[in-house]
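Have a look at the structure below before the remarks.
The values are calculated or read from the model by the stated rules, or taken from the named source; none is laboratory data. As the structure is a prediction and not an experimental result, all values here were calculated from the model. We place every Cβ from the backbone using ideal geometry, glycine too, and count neighbours over all the protein chains shown. Calculation scope for accessible area: heavy atoms of the full protein, side chains included, ligands and nucleic acids excluded. Shrake-Rupley method; radii C 1.70, N 1.55, O 1.52, S 1.80 Å.
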Amino acid sequence: MKVLVVEDEPKVSAFIKQGLEEHGYEVDIAYDGSIGERMALKGNYNIILLDVIIPYQNGIELCKKIRAEDNEVPILMLSALGTTDDKLIGFDVGVDDYLVKPFNFSELLARIKALTKRGRGISQKANTLQVANLQLSIENKEAIRDNKKIDLTAKEFSLLEYLMRNQGKVLTRMEIAENVWDIKFDTGTNVVDVYINILRKKIDKDFDPKLIKTRIGMGYVISDT
């Protein structure tokens, strides 16, 4: 399992490298955005850990460039900037998860394991899913609504797939976290709510009928009624 850590603080990068290598990971370090870009696009990594504030090119810009070339590699953003707006900026450019500094190594390890088990628990029994005028091609990894292709990150696709496979069923945040992120405990993150909002902007904002609905106190459901 190859990990790229793009982090300019030597103590932090050394801490992450040592801990991951003790758990059997192969770890490369990049200390700035320019080196990180070259390594990310050539290294064939299983996951990238990316700080936001790094020299030459910040983590947001670097994430955009990585996503332009590779829409599959999981990206976990590490940052001291922990507001919802900060997280939304990261998710909008294709980050899969967001971990706020300072963090415990056990939580970092859990997030990495979750992100590298993408899609676990989601059946692949149907090649095409449909709800109203929204179609999801499992084989081609494409979402289409009213004949318009909708660009989704790998994690957004996994979330939409899970919702559509459970059309009409109210899903709790914990159910979604367990099946899409493989998180089986409360990490204090609002990642499910953030991703639901991103999906709404992409598949509902400019279309009718609105498909993703909130059931207050219960969770989320996708339905055309």
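Based on the Cβ-Cβ distance from residue 11 to residue 173, what FRET efficiency comes out when R0 is 41 Å, to the nearest 0.05?
0.75
So which aspartates and glutamates can residue 141 reach, going by Cα to Cα under 17 Å and dropping same-chain residues fewer than 8 places off?
Those aspartates and glutamates meeting the cut-off are 69, 70, 72, 96, 151, 156, 161.
Leaving out ligands and nucleic acids, note down the accessible area per residue over the range 82-181 with a 1.4 angstrom probe, in whole Å².
Working: 4560 Å² over 100 residues.
About 46 Å² of surface per residue is accessible.
Report the percentage of all Cα-Cα pairs in the range 1-132 whose separation exceeds 20 Å, rounded to a whole percent.
43 percent
Please compute the contact order of the chain in relative form: average sequence separation of alpha-carbon pairs under 8 Å and at least six residues apart, divided by the residue count, as a percent. Intermediate results must be reported in sequence, preceding the final value.
Numbers: 357 pairs, mean separation 32.0, N = 225.
The value is 14 percent.
Not counting ligands, DNA or RNA, and with a 1.4 Å probe, what is residue 15's accessible surface area in Å² rounded to the nearest 10?
Taking all protein chains as shown, residue 15 has close to 100 Å².
Once you've got the Cα coordinates, tell me which of 11/117; 149/210; 87/113; 87/205; 117/149; 117/202 are over 23 Å apart.
In this structure, 11/117; 117/149; 117/202 exceed 23 Å between Cα atoms.
Could you please state how large a percent of the accessible area of the chain is carbon and sulfur, counting protein chains only and using a 1.4 Å probe?
In the chain, the share of accessible area belonging to carbon and sulfur is 49 percent.
Take the Cα of residue 197, step 7 Å along the line toward its Cβ, and report every residue of the range 76-93 whose backbone nitrogen sits under 19 Å from that point.
Answer for the range 76-93: 77-93.
Let's see if you can work this out: charge +1 on each Lys and Arg Cβ, -1 on each Asp and Glu Cβ, no other charges. What is the dipole magnitude of the range 48-161 about its Cα centre, in debye to the nearest 20?
So the magnitude is around 320 debye.
Full-extension gain between residue 208 and residue 117, please, as 0.36 nm times their residue separation minus the C-alpha to C-alpha distance.
29.4 nm
Which distance in nm do the two modelled labels at residue 72 and residue 139 give, with both placed 7 Å along the Cα-to-Cβ direction?
Calculated label separation equals 1.7 nm.
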